[in-house]
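Report on the structure given below.
The values are calculated or read from the model by the stated rules, or taken from the named source; none is laboratory data. Just so we're clear, the structure is a prediction, and the values are computed from it rather than from any experiment. A quick note on method: Cβ atoms are made from the backbone with ideal geometry, for glycine too, and the neighbour counts reach across all protein chains shown. We work out accessible area using only protein heavy atoms, side chains counted, and drop any ligands, DNA or RNA first. Shrake-Rupley method; radii C 1.70, N 1.55, O 1.52, S 1.80 Å.
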Amino acid sequence: MKRIAVFPGSFDPVTKGHESIIRRSLNLFDKLIIALGENDQKQSYFTLEQRLGWLHELFGREQKIEIIQYNGLTVELCRLNAARYIVRGLRTSADFEFERGIGQMNKLMVPDIETVFLLCEPEYASLSSSIVRDILRHGGNVSMFIPEGISIYK
Ligand code: ADP
């Protein structure tokens with residue numbers, strides 16, 4: 001059976017931290033679905049089109065990757081796509097506590113889906129989309145935090 005995984009996120013914007021998790025996941029799974037979740041409670045900084053566009057520029061040519069947008073429960077998205085794994089990156093113990101709650105609730109809802117956590121690479125431990133947005137708001141240069149080959153300036 002093919003090992004299909006979902007990597008959900010808001011990618012607002014995509015960073016080198018996300019890219020690293022995605023590339024490392026390709027060694028573990030037969031197919032990776034990068035799922036851009038639209039959260040009703042969270043107003044995004046970049047538009048859906050921009051965020052999807054960058055993901056397509058970076059990973060659109062990769063055979064094992066599919067890029068989609070979704071609303072609703074990640075476990076439901078997994079069910080619809082026959083995915084049995086959810087991939088998440090862990091940077092800090094705060095990430096762990098947050099992810100533990102979601103991962104265990106998901107496990108109660110759909111026992112045969114496993115959440116797989118990848119420890120982030122040390123150089124990306126402090127990197128987050130929210131810090132990148134803060135730097136941008138104040139006119140700073142974020143290019144060192146963004147994957148090579150895309151430009152996220154508005
Ligand atoms: P969400 O709103 O779902 O947290 P994000 O786009 O912020 O969406 O993050 C998506 C996933 O990428 C999460 O699992 C997050 O922990 C992971 N991630 C974000 N930044 C990094 C990083 N610097 N290193 C490793 N994983 C990261």
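Before moving on, here are some points about what is shown:
- Only one residue of 46, 69, 118 has its Cα farthest out toward the positive end of the dipole of the chain, where Lys and Arg carry +1 and Asp and Glu -1 on Cβ, and that residue is 118.
- GNM result for the chain, Cα springs below 10 Å: residue of 125, 83, 35 fluctuating most strongly: 125
- Spacing of the two label points (7 Å from each Cα toward its C-beta) at residue 135 and residue 56, in nm: 2.7 nm
- Mean-position separation - Cα centroids, the range 117-145 and the range 14-79, in angstrom: 17 Å
- Neighbourhood charge, 15 Å Cβ-Cβ cut-off, centred on residue 100 and excluding it, Lys, Arg +1 and Asp, Glu -1: -1
- Basic side chains Lys and Arg get +1 at the Cβ, acidic Asp and Glu get -1 at the Cβ, and with that the dipole of the chain about its Cα centre reaches some 200 debye.
- Cβ-derived FRET efficiency at R0 41 Å, residue 1 paired with residue 41, nearest 0.05: 0.70
- Degrees between helix 48-59 axis and first principal axis of the chain (Cα, 0 to 90, nearest 10): 80 degrees
- Between helix 16-26 and the chain: long-axis angle, C-alpha atoms, 0 to 90°, nearest 10: 30 degrees
- Restraint check, 2/107; 42/107; 16/64, Cα-Cα greater than 22 Å: 42/107
- Nonpolar atom fraction for the chain, defined as the carbon and sulfur part of the 1.4 Å probe accessible area, stands at 53 percent.
- Accessible surface of residue 49, taken over heavy atoms with a 1.4 Å probe and every protein chain present, rounds to 130 Å².
- Annotation for the range 9-103: trypsin sites (Lys or Arg not before Pro) lying in DSSP loop with at most 15 further Cβ atoms inside 10 Å of their Cβ are 42, 61, 64.
- Sequence-ordered 3J(HN,Hα) estimates for the range 118-127 from the Karplus curve with 6.51, -1.76 and 1.60 and θ = phi - 60° stand at 10, 5, 6, 5, x, 6, 10, 4, 9, 8 Hz, glycine and proline given as x.
- Counting only alpha carbon atoms, the long axis of helix 93-109 and the longest principal axis of the chain meet at about 30°.
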